[in-house]
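First comes the structure, then the notes that go with it.
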Amino acid sequence: MSLIRPEARAALWRWREVLAGGAALALGTSWVAGPGGLLGWVGWIVVLAGAALVLAGVQRARFRFGGGGPGLVQVDEGRVVYFGPLGGGSVDVADLAALDYDPRSHPPVWVLCQRGRPEIFVPITADGAEALFDVFSALPGLQIETLIRDRDRAGSRVRLWQRPDRQVAVRGGAGG
């Protein structure tokens with residue numbers, strides 16, 4: 001039996017990096033303001049690390065939608081694999097030509113596009129979909145903050161990123 005409601009636990013887990021960064025900020029600040037000396041200098045390092053963790057945590061938390069959706073996402077050695085109830089597929093990150101977002105599907109989906117192969121429709125609520133944050137942040141020229149902003153404003157399928165050296169046509173279906 002848990003003392004924390006499942007919804008509260010899920011919210012805390014979603015924002016875990018921000019909470020850890022806030023704790024590091026508080027600890028570092030107390031060391032800077034407290035005894036001084038060597039501990040004060042270490043406190044400044046802890047403050048900087050805490051601030052970086054808070055900033056990264058805010059982006060990650062805004063990217064997460066929780067699990068429990070259809071399918072499972074695995075990322076292993078530069079390959080994204082999606083196992084879904086009705087479909088799935090895999091793509092090497094190096095072969096990824098474009099990234100789309102389609103909010104018309106239920107749940108909304110990331111669309112991983114590659115040349116000469118079918119698109120892969122990954123629900124944003126699929127188990128393990130939070131691992132896509134690291135994949136997307138490694139794409140050349142993609143800014144995570146821009147991705148999140150464009151995703152939140154999308155009313156129809158939108159291209160979020162395209163590899164500069166590849167052209168991929170947007171297909172019309174909602175997919176998923």
Take every Cα pair under 8 Å in the chain that's 6+ residues apart, average their separations, divide by the length, and report that relative contact order as a whole percent.
-> 19
Considering amide H positions built from the backbone, and no H for Pro or chain starts, which residues 5 or more places from Gly88, or on another chain, come under 5 Å of its amide H?
-> none
Which whole-Hz ³J(HN,Hα) couplings does the range 8-13 yield from phi under the Karplus relation 6.51 cos²θ - 1.76 cosθ + 1.60, θ = phi - 60°, glycine and proline marked x?
-> 5, 4, 5, 5, 5, 5
At q = 0.18, 0.20, 0.22 Å⁻¹, base-10 log of I(q)/I(0) for the range 69-162 (Debye sum, equal scatterers on each alpha carbon) = -0.76, -0.96, -1.20
Gap in Å between the Cα centre of the range 1-79 and the Cα centre of the range 133-157?
-> 21
Note down the nm distance, to one decimal, between modelled labels 7 Å out along Cα→Cβ at Phe83 and at Val42.
-> 4.5
Taking springs between alpha-carbon atoms closer than 10 angstrom, which of Leu55, Leu39, Leu19 fluctuates most in the Gaussian network model of the chain?
-> Leu39
For Trp161, which sequence-distant residues (separation of 5 or more, or a different chain) have an amide H within less than 5 Å of its own amide H, given hydrogens modelled in the peptide plane?
-> Leu99
When the convex hull of its Cα atoms is projected in every direction, mean area for the chain (nm²) | 13.5
Highest GNM mean-square fluctuation among Val122, Val42, Val93, for the chain with Cα springs under 10 Å, belongs to Val42
Cα principal axis extents for the range 6-63, largest first, Å | 43, 20, 10
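A short reminder: the numbers here are calculations on the coordinates, not readings from a lab. Being a predicted model, the structure only gives us computed values, none of them experimental. Because the Cβ atoms are built from the backbone with ideal geometry, glycine has one as well, and the counts that use them run over all protein chains shown.
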